[in-house]
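Everything on this sheet refers to the single structure shown next.
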Amino acid sequence: MPGHTIVTMPGDGIGRIVLNESLRVLDAAGFSAEYVHADIGWEFWKKEGNPLPQRTVDLIRKYKTGLFGAITSKPKEEAANELNPELRDKGYVYSSPIVGLRQLFNLDVSIRPCKTYKGNPLNFIRRGKNGAIEEPEVDVVIFRQNTEGLYSGVEWTNPPDKVYEAFLTHPRFKKNFGQVPREELSISTRIYTYKATRRILEAAFRYARNNGYRSVTLAEKPNVIRETSGMMYRLAREIQAGQYPDIELWNTNIDAQMMWLTKNPEHYGVIVAGNMFGDIVSDGFAGLIGGLGFACSAQFNDEGIGIFEPTHGSAPKYAGYPVSIVNPIAMIESACMMLDFLGEKETATRIRKAIATVIAEGKVRTYDMLKLSGSPAVINRGAASTQQMTDAIIEKL
């Protein structure tokens, strides 16, 4: 009998391709599970006006663990134009289903590891002393607050009376924007709460201690964004001093952090940030280990619900190729994070070792690893297909 039930959400574009490859690896590694398909993404927006149907929400609530591929998101007007004709002008407004899942289930803790694979030709290199070429080893884990901040969706264009009047009570808003016609205003809010901020900080410090990292870096902007970033920094200092004096707390402004990540990335361990800055810094570090083809993530709440996904998009152009060329490693790594979450750490370790062996040998490389522009022709130029990369990983198992 299967030991686990996993809700699989292929989504759009290459999400459908790479999710299937991750399931092949899980099966080959002996992971025992029943997979329950769930609908999500652009197809259901177009024909139902809802990219996150209630039936999918019910499945996640029931089984608690989800493996997610990728989704397509488009601007407001373009999304409205792609609705089926009978649904247009009925008040449907597109919103990202993955953001919806995060907020619906309060999946507030997001983890995005960025770790160097030896032998990856896409690893970051720099010039050292006397012109020497250095390849620093990156081993960074980003903790991103996942439900608040700029991604919370509390925003307006031409704000209604009560909102506008409330903003006018702030002297800086009144001084700088009070004379701007209201219909010319667009406002997005950046909301941090004490409880959620404390939870992501504690998760970061706990992970650092449990996994042997000597520092936690807060990548925010408390010198300018004094209330939200300021609260996060105050709480970080309080938590570090009271519970984790053995872990160093480093405070860096997000803009400086993006400069330093290419100067000395090997100095960093655990990084924690709010939603927007966490998104930015995790993509920056992903670039140092090979790009989005290697970038995995986990998000979970305090009630045992977890969803695991690569951080790349749906790349619809690539989804239609007769032979898939995309790199499946980010999706397979996301499945490994799911295994960790489920207590199947031995299986996760075996898969990660197989990936590392394939990369180190260098015999099988997808087009991104060969630094080729993505097109069907890359197969004829020596690039491995998506399936061939998965086959190579399975062989090493």
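The values are calculated or read from the model by the stated rules, or taken from the named source; none is laboratory data. If you're wondering where the values come from, they're calculated on a predicted model, not measured in any experiment. Reconstructed Cβ throughout: ideal geometry from the backbone, glycine too, with neighbour counts over all protein chains shown.
Exactly one residue out of Met232, Met259 is assigned to a helix (DSSP H, G or I) and at pLDDT below 95, and it is Met259.
For segment 221-246, a tally of residues being surrounded by 17 or more Cβ atoms within 10 Å (Cβ to Cβ) and either in contact with a strand residue (DSSP E or B) (Cβ under 6 Å, 6 or more places away or on another chain) or free of Cβ contacts under 8 Å to residues at least 24 places away in the same chain (or both) returns 6. On the stretch given as segment 108-134, residues that are touching a residue at least 24 places away in the same chain (Cβ under 8 Å) and over 17 Å from Leu261 (Cα atoms) total 9. Within segment 157-206, if we keep just the residues that are in a strand (DSSP E or B) and in contact with a Leu (Cβ under 8 Å, 6 or more places away or on another chain), the residue that is farthest from Leu107 (Cα to Cα) turns out to be Thr157. What do you reckon, is Asn120 touching a strand residue (DSSP E or B) at 6+ places or on another chain (Cβ under 9 Å), surrounded by 13 or more Cβ atoms within 10 Å (Cβ to Cβ) and over 26 Å from Lys221 (Cβ atoms)? Considered against the rule, which asks whether it is touching a strand residue (DSSP E or B) at 6+ places or on another chain (Cβ under 9 Å), surrounded by 13 or more Cβ atoms within 10 Å (Cβ to Cβ) and over 26 Å from Lys221 (Cβ atoms), Asn120 comes out as no.
Residue-wise test of (1) out of contact with any helix residue (DSSP H, G or I) (no Cβ under 7 Å at 6 or more places or on another chain); (2) at pLDDT below 95; (3) among the charged types (D, E, K, R).
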position: Lys115; (1), (2), (3): yes, no, yes
position: Leu122; (1), (2), (3): yes, no, no
position: Gly131; (1), (2), (3): yes, yes, no
position: Glu155; (1), (2), (3): yes, yes, yes
position: Arg199; (1), (2), (3): yes, no, yes
position: Asn210; (1), (2), (3): yes, no, no
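Please indicate, with yes or no, whether at least one residue in segment 74-92 is surrounded by 21 or more Cβ atoms within 10 Å (Cβ to Cβ), part of a loop (DSSP other than H, G, I, E, B) and touching a Phe, Trp or Tyr at 6+ places or on another chain (Cβ under 8 Å).
No, because not a single residue in segment 74-92 is surrounded by 21 or more Cβ atoms within 10 Å (Cβ to Cβ), part of a loop (DSSP other than H, G, I, E, B) and touching a Phe, Trp or Tyr at 6+ places or on another chain (Cβ under 8 Å).
Might you check whether a residue that is buried (at least 21 other Cβ atoms within 10 Å of the Cβ), within 13 Å of the chain's Cα centre (by Cα) and hydroxyl-bearing (Ser, Thr, Tyr) occurs anywhere in segment 252-270? No, the conditions are met nowhere in segment 252-270. Counting residues in segment 54-62 that are assigned by TED's automatic domain parsing to the domain that holds Glu344, surrounded by fewer than 19 Cβ atoms within 10 Å (Cβ to Cβ) and within 21 Å of Ala354 (Cβ to Cβ) gives zero.
Residues are listed down the side, and each one gets a yes or a no for (1) among the polar types (S, T, N, Q); (2) crowded, with 23+ Cβ neighbours inside 10 Å; (3) assigned to a helix (DSSP H, G or I); (4) not assigned by TED's automatic domain parsing to the domain that holds Val138:
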| site | (1), (2), (3), (4) |
| --- | --- |
| Val281 | no, yes, yes, no |
| Gly284 | no, no, yes, no |
| Ser297 | yes, yes, no, yes |
| Gly313 | no, no, no, yes |
| Tyr318 | no, no, yes, yes |
| Tyr321 | no, no, no, yes |
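Scanning segment 170-189 for residues that are over 27 Å from Asn275 (Cβ atoms) and of a type in the set (S, T, N, Q) yields one hit, Gln179.
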